[in-house]
Amino acid sequence: MYFTERHRYAIGILTLLCVVFIWVGSSFLMNNIFANQKYNKPFIITYTCTASFSLYLLYFICNKKRHIDKQRMTNFNTALYDVLSRSSSERSLNSNDDNHPHIDPHDVLSSMHDEEKLTTRQVAELGFTFCILWFAANWSTNASIAYTSVASSTILSSTSGLFTLIIGSLFGVEKFTLIKLAAVLISIFGVFLISNGDEFSSDEPGDDIPTNPLFGNLLALMGAFFYGCYTILLKLRIQNESHVNMPLFFGFVGIFNVILLSPIFPLLHFTGLEQFELPPNITIWTMIAINALIGTFLSDYLWLLAVLLTSPLTATLGLSLTIPIALIGDIFFKGLVMSKEYWLGVFMIVGGFLCVNF
């Protein structure tokens, strides 16, 4: 089925909204694991979730076997087609169509498709580059919370939209316009209002005080920069979802992360930064499994699809919607009452997202 650019963009927006809701649910689940279940092991959980990408290789192996069987059938059909074509040609020697040999449009399109598709080696190289940037972005963002306030980390992380616009403009992936710049700044200011209101509402004597705000803010800014880099990288290298075998790509990302991150376990354990300890009960195991399969395995696949169907800037600003949706979740599940400052920030984030799209 052929989709126009408008249809593809609409599907991308719907896919992005699915990712937003999944990530909000994942955030609540992670908060439950850390706070209520008292299992504060972010690196172990992140490692497990990332390792779930390796399951895509099983799909690729099974799909490869089906592809071989299908190829054998195609070769048989091609041979049969050639015999019938020769027979048909012999019957039409006296016709005027001899100078116009028949060309199957399907064969032409299939040939063009094969030429555009990335090879397995290219997909592996892309997966290796992506996993490094992905880990750098996630580690920087998570580590920043240990040194600065959650509000500051959230605000600076939201500047990824600005980095995406600037980097994308330099590489020709995004077209720089004043409207896009205004939309990004409006969205960032909306995040600032929400985070600032949250900071003041939780400003009590018993709260944790940032140990090194300058270093933490720098880490959050680095995370935003790396996020912008790998988002543009994927759009620049892949361009269209038909150019890459996405299960194979995520499978390589999972394998590379498992190999590259495994030496960090003893380093964290012996330095006391995070003692290695397996989940103590089945409840935590179940929560981690759900978060790995839905919050990472499925959502990151949908996120990449959204980036390729829309644009890196749209996907980046769209993820800012996780903030107002999470606040709405707090209202319904925790009974929190939000101020006018909160709601103004929500409208600014949504307004910035709509501004880029319409």
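At-a-glance table
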| quantity | calculated |
| --- | --- |
| J(HN,Hα) series, the stretch 238-249, from Karplus relation 6.51 cos²θ - 1.76 cosθ + 1.60, nearest Hz, glycine and proline x | 9, 6, 9, 5, 7, 8, 9, 7, 5, x, 5, 4 |
| Ranked packing of 52-60, 26-34, most packed first, by mean Cβ within 10 Å | 52-60, 26-34 |
| Modelled FRET efficiency - R0 22 Å, Leu354 with Leu260, Cβ distances, 0.05 increments | 0.05 |
| Simple label model, 7 Å out from Cα along Cβ direction - Asn32 to Arg237, nm | 3.6 nm |
| Accessible heavy-atom area order of Cys62, Cys229, highest first, probe of 1.4 Å | Cys62, Cys229 |
| Ordering of 214-220, 239-245 by packing [mean C-beta count within 10 Å, highest first] | 214-220, 239-245 |
| Label-to-label distance, nm, for residues given as Glu274 and Leu57 (7 Å Cα→Cβ offset) | 2.2 nm |
| Cut-off under 5 Å, modelled amide H: who pairs with Asn245 long-range | Leu118 |
| In Hz, Karplus ³J(HN,Hα) per residue of the stretch 16-30 (6.51, -1.76, 1.60; θ = phi - 60°; x = Gly, Pro) | 4, 5, 4, 4, 4, 5, 5, 5, 5, x, 5, 5, 5, 5, 5 |
| Estimated FRET transfer efficiency (Thr120, Phe176; beta-carbon r; R0 41 Å; 0.05) | 0.70 |
| Relative intensity, log₁₀ I(q)/I(0), of the stretch 216-309 from a Debye sum that treats every alpha carbon as a point, q = 0.15, 0.16, 0.17, 0.20 Å⁻¹ | -0.89, -0.98, -1.07, -1.22 |
| Chymotrypsin sites (Phe, Trp or Tyr not before Pro) within the stretch 230-281: DSSP coil, no more than 15 neighbouring Cβ in 10 Å | Phe276 |
| Area of Trp134 that stays accessible when all protein chains are in place (1.4 Å probe, Å², to 10) | 20 Å² |
| Loop-located trypsin sites (Lys or Arg not before Pro) in the stretch 4-48 whose Cβ has at most 13 other Cβ within 10 Å (DSSP) | Lys38 |
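The values are calculated or read from the model by the stated rules, or taken from the named source; none is laboratory data. All values reported here derive from a predicted model rather than from experimental measurement. Glycine also receives a Cβ, built like all others from the backbone with ideal geometry; neighbour counts cover every protein chain displayed. Each accessible area value is taken on the protein alone, full model and side chains, heavy atoms only, with ligands, DNA and RNA left out. Shrake-Rupley method; radii C 1.70, N 1.55, O 1.52, S 1.80 Å.
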